[in-house]
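Input: a single structure, listed below in C-alpha cells.
Nothing in this text is a laboratory measurement; each read-out follows from the coordinates by a stated rule. Treat the numbers as computed from the prediction; the structure is a model and nothing was measured. When we count neighbours, we look across all protein chains shown, and the Cβ atoms used for this are built from the backbone with ideal geometry, even at glycine.
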Amino acid sequence: MEIREFYDYCKEIAGYISAAALVEWDMRTKMPMKAAEDRSLVAGKLARTAFEMSTSPRMAAFVEYFNRPAVNAQLSEVDRRNVELETKQYRKISAIPAEKYEKFTVACSRGEHAWQEAKEKSSFAMFQPYLEEIVGYQREFVEYYGYDKNRYDALLDEFEPSMTTDEVRTVIDGLKTELVPFLRRLLDEGTPPDRSCLDGRVDKATQEKLSHDILVAMTYDLEAGRLDETAHPFTTPIGYGDVRVTTHYYEDDFTSAFFSTMHEGGHALYEQGMSEAYRWMPVRKCASMGIHESQSRTWENLIGRSMPFWRFYYPVLQEALPRFREIPMDQFYKAINTVEPSLVRTEADEVTYNLHIMLRFEIEEALINGAVQVADLPGLWNTKMREYLGVEPTDDAHGVLQDVHWAGGMFGYFPSYMLGNLYAAQFIAAVREGIPDLDDQIAAGHLGVLREWQRAHIHEPGALHDPRDLVMNVTGKPLDYRYFMRYIDEKYSPIYGLAPCGAGKGAD
Ligand code: ZN
C-alpha cells in the first residue's frame, strides 16, 4: 500500500466536504427561498458521503496498515500526522453505533426547533425534556469515545485536541480570581467612556465599503474569497483559493459590521494562509477551534480596538463618515472599548466575555458528569451570572436559553471561545518580541507585517501540531492566562482613568 493511495482517497473525501461547504454557503447567502427543501437534501447527501467514506472498509484498511509500527516509522512527519488525524477521526466516528448516532441527530434537530420556540416564549420548561434527551445521548457517547479522568475530556477533545478538563479548570480558576475583582474595580472606581459619539445612522452602502476596505488593509485575498451579507456573520473555507466571509450591517450601529468583518477576516487569513503543500490533506485545517478564535480575536480586538490601529484608520473613517472630524480620536477609541456586564454572551466586551464562558464550562462539565441535572440549569445559570458578572437575567431567553449550542448537541465547544482570547494575548506578546516596533508598523498601516508573522508561525502549519505544541513552539511557554490579564489591565485601566493594577504579574 502506498501513501499516495491514502492521499488520493483523502482528496476524494475533501472534495465532497468542499462541495457540501459550497452548497451550505449558497443556502445561507444567495439561494432562492423555494429551493430550501431540495437543497438541504443535496447538502445532506454530500456530507453523508464524506462521513461514510471516513469510516469505510477502505479507510479501515489504510488506518490499519499505516499504523503498523514498522510502516509508521518509515513515514515523513507530515505523512505521519495526516495518518494520525484521519485515524483519530475514523476511531471517533466508528465508536458510536450508526443507528444510535442517527437518533441523536434527530433529537438535535427536534431540540433546535423546540429551543427556538422556547426562547421566543422564554420558557425553559418547554425545552427541558428535549435537552434531557440530548444530554442523555452525550453522557452515553462519552463512554463510547473513552476518556482518561473526566467524561468531559471526550467532548472537549473534539474542539481542543488533547486538552483536558483539568487544564481548562486550572486556567479558569486562575483567571477567575483575577478577572472578577478586576472588573469590579473598573466599574466601581473607574470612569466609563461616553459612547454617544457612536450614535447615529450609517447607510449600508457606506458600511459595505468600510468592510471591504478593511479586509483589503488586512491583506485578505479577495481573489481567493469574497464578502457577502448574512443574518449571522461567518467564515467558510470552501477549499484552497476559496475562503469566504460574511458580515451583517446594522444601520444604527456601524461598528458591529466593522468589527465583525475584522473578526471573520482574522478567521479567513488563517484559512488562506495554510500551506499550499497541504492542499487536500487532513492536516490542512485549524490546529483547534481555540487557535482559530485566537486569530479572529487578534484582528477584531487586539488590533481593531487598539490605539495604534486607529492612528492609521481614523482618518479613513473620518473621510467616510465626516461627522467624526469633530470627534477627537481618543474619545472614539474609548467609546469602542466600553466595558459593560451584559446578559448576552455575543454582545459581551473583551473584559467580560470570558466570564460568560466560565459559567458555561462549569455547567456543561457538571452536567456531563451527572453532578447537576438539566432541571437545575436555570437556577445555576442565574447564580453564576450574579457571582461573576454582577447581573442577573430576569427571563430564560436572556439567560440559560440564549445559545443554540446545547440544543444542537454541541457540548465542549464553549471553552474554545475563551481559549481563543487567551491564546491571542499570549501570541501577541510573542509577536512583540519578534517585531519590537509592531505598534509603529500598525500605526503606519503596515498590517501585513502582523499577517506575515502569523502566517509563518500559526497559519502555514495548519493542524500539523496539537494546540499545546503549537503554543509551546510559538511562545516558548505553555498556555498562561496571565498574558490576557496583563493585556486588559494595561489597556482598560487607563481607558477608565485608573493606574494599571499589576494584574497578570509573572506572565513573562
Ligand atoms: Zn469567531
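The mean of 1/r over all distinct Cα pairs in segment 3-121, once inverted, gives the Kirkwood hydrodynamic radius of 16.8 Å.
Would you work out which of ALA43, ALA73, VAL344 lies farthest towards the positive end of the dipole of the chain? Charges go on Cβ: Lys and Arg +1, Asp and Glu -1. Of the options given, the answer is ALA73.
Of interest is the spacing of the C-alpha centroids, which for segment 136-208 and segment 2-38 amounts to 31 Å. Among ASN382, HIS113, THR87, whose Cα sits farthest toward the positive end of the charge dipole of the chain (+1 at Cβ of Lys/Arg, -1 at Cβ of Asp/Glu, about the Cα centre)? Projecting each Cα onto the dipole axis, the largest value belongs to THR87. Taking Lys and Arg as +1 and Asp and Glu as -1, the other residues whose beta-carbon sits under 10 Å from that of LYS491 total -1. Scoring 258-265, 85-92 by mean Cβ neighbours within 10 Å over their residues and listing the highest first yields 258-265, 85-92. May I ask for the distance between the Cα centers of segment 53-84 and segment 246-296, given as a whole number of Å? Here the answer is 30 Å between Cα centres.
Cα centroids of segment 443-508 and segment 94-111: 39 Å apart. How far is helix 482-495 tilted off the main Cα axis of the chain, in degrees rounded to 10, range 0 to 90? Computed tilt is about 30 degrees. Charge dipole of segment 165-495 (Cα centre as origin; +1 on each Lys and Arg Cβ, -1 on each Asp and Glu Cβ, all else neutral): 420 debye, rounded to the nearest 20. Placing +1 on the Cβ of every Lys and Arg and -1 on the Cβ of every Asp and Glu, with nothing else charged, gives segment 3-121 a dipole about its Cα centre of roughly 220 debye. Taking Cα centre as origin and charging only the Cβ of basic (Lys, Arg, +1) and acidic (Asp, Glu, -1) residues, the dipole magnitude of segment 55-97 rounds to 140 debye.
The C-alpha atoms of the chain define a longest principal axis, and helix 307-320 lies at about 80 degrees to it. Considering only ALA257, VAL245, PRO393, whose Cα is most displaced toward the positive end of the charge dipole of the chain, charges sitting on Cβ of Lys, Arg (+1) and Asp, Glu (-1)? Checked the options; the winner is VAL245.
Summing +1 for each Lys or Arg and -1 for each Asp or Glu among the other residues whose beta-carbon sits under 13 angstrom from that of TYR417 gives -3.
Computed from the Cα positions only, the extents of the chain along the three principal axes stand at 68, 55, 50 Å, in decreasing order. Listed by Cβ neighbour count within 10 Å, with the fewest neighbours leading, VAL83, VAL78, VAL471, VAL106 appear as VAL106, VAL78, VAL83, VAL471. To the nearest ten degrees, helix 204-217 and the longest principal axis of the Cα atoms of the chain are 70 degrees apart.
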